[in-house]
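The values are calculated or read from the model by the stated rules, or taken from the named source; none is laboratory data. Predicted, not measured: the structure shown is a model, and the values here were computed from it. Note: ideal-geometry Cβ built from the backbone for every residue, glycine included; neighbour counts use all protein chains shown. Only protein heavy atoms, including side chains, enter the accessible area calculation; ligands, DNA and RNA are left aside. Shrake-Rupley method; radii C 1.70, N 1.55, O 1.52, S 1.80 Å.
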Amino acid sequence: MNTKSLLSLVAGISLLCSCHTAPASREGETGAADSVVVKNEVVNTILQRRSIRKYKQQPVEKDKWAQIVECGVYAPNGKGLESWEVRVVDNPRLLASIDSAYSRFMGKGQEETTLRAAYGAPVLVFIAYDTTYDLSQVDCGLLGGNMMIAAQSLGIGSCCLGGICRFLNEPEGRELLDELDFPETHKLLYAIAFGYPDEEPSPKPRDMNRVRTVE
């Protein structure tokens, strides 16, 4: 092999090797492909959401409320019936009345202490299901899930509430329930507190053993 041919062969081998060599990592980057994290804001929002039980006394802006409610009503729902009824309460007078009545109901003769039915959240949302449709409660759950995830994405905390609805569905809560003005076909199912968080709870573990793939 002459000198010219030998040089050509060496150059070809060098070029081939360079094509299969990973480029050098720049400062602050990793060279391992499997360590690259692809960010997904929806997934991050879901995993970062916590139940908030301490709120700042800061009003939630109306434009943010419009977005949260819109995301709720865009939830999947059976037969397109939108079988829910939703009431948003941000009136301080009504919120204080609910706290006072709830405290009396929970105490029932004991020394009265004021309980904060919605942990002091400045906004309380009540969701009622259609008693004439057997899957309406599923629709209502999907509605609330959408609202809480949307709120989280806007920096607003939330917490699902059941006890307050047990109270409002009892005779002692009838007067306040009437103020929500639900139609006779609907029954109050649950409530959600919304507001700017004044705490940062740590995540609680989840049991993935409850999830199985059926083959």
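Assorted remarks:
- Taken over segment 51-85, the criterion of being in a strand (DSSP E or B) and either of a type in the set (S, T, N, Q) or more than 22 Å from Leu95 (Cα to Cα) (or both) is satisfied by Ser51 alone.
- Scanning segment 179-215 for residues that are open to solvent by 30 Å² or more (accessible area, probe 1.4 Å) and in contact with a helix residue (DSSP H, G or I) (Cβ under 7 Å, 6 or more places away or on another chain) yields Glu179, Leu189, Tyr190.
- Test for Leu135: is it modelled with pLDDT of 95 or more, open to solvent by 40 Å² or more (accessible area, probe 1.4 Å) and within 30 Å of Gln48 (Cα to Cα): yes
- Inspection of segment 72-80 finds no residue satisfying the criterion of being free of Cβ contacts under 8 Å to residues at least 60 places away in the same chain, open to solvent by 40 Å² or more (accessible area, probe 1.4 Å) and under 23 Å from Glu199 (Cβ atoms).
- Residue list for segment 167-178, filter: surrounded by 13 or more Cβ atoms within 10 Å (Cβ to Cβ) and in a helix (DSSP H, G or I): Phe167, Leu168, Glu172, Gly173, Leu176, Leu177
- Residues that are over 18 Å from the mean Cα position of the chain (by Cα) and among the acidic types (Asp, Glu) within segment 64-106 comprise Glu82, Glu85, Asp90, Asp99, listed in sequence order.
- Residue match in segment 107-115 (condition: open to solvent by 40 Å² or more (accessible area, probe 1.4 Å) and in a helix (DSSP H, G or I)): no
- In segment 48-71, the residues that are under 15 Å from Ala121 (Cα atoms) and open to solvent by less than 60 Å² (accessible area, probe 1.4 Å): Arg50, Ser51, Ile52, Tyr55, Val60, Trp65
- No other residue among Ile164, Ile149 is among the aliphatic types (A, V, I, L, M), within 20 Å of Tyr74 (Cα to Cα), in contact (Cβ under 8 Å) with a residue 12 or more places away in the chain and touching a helix residue (DSSP H, G or I) at 6+ places or on another chain (Cβ under 7 Å) apart from Ile149.
- Among the residues here, Arg87 qualifies as surrounded by fewer than 20 Cβ atoms within 10 Å (Cβ to Cβ) and touching a strand residue (DSSP E or B) at 6+ places or on another chain (Cβ under 7 Å).
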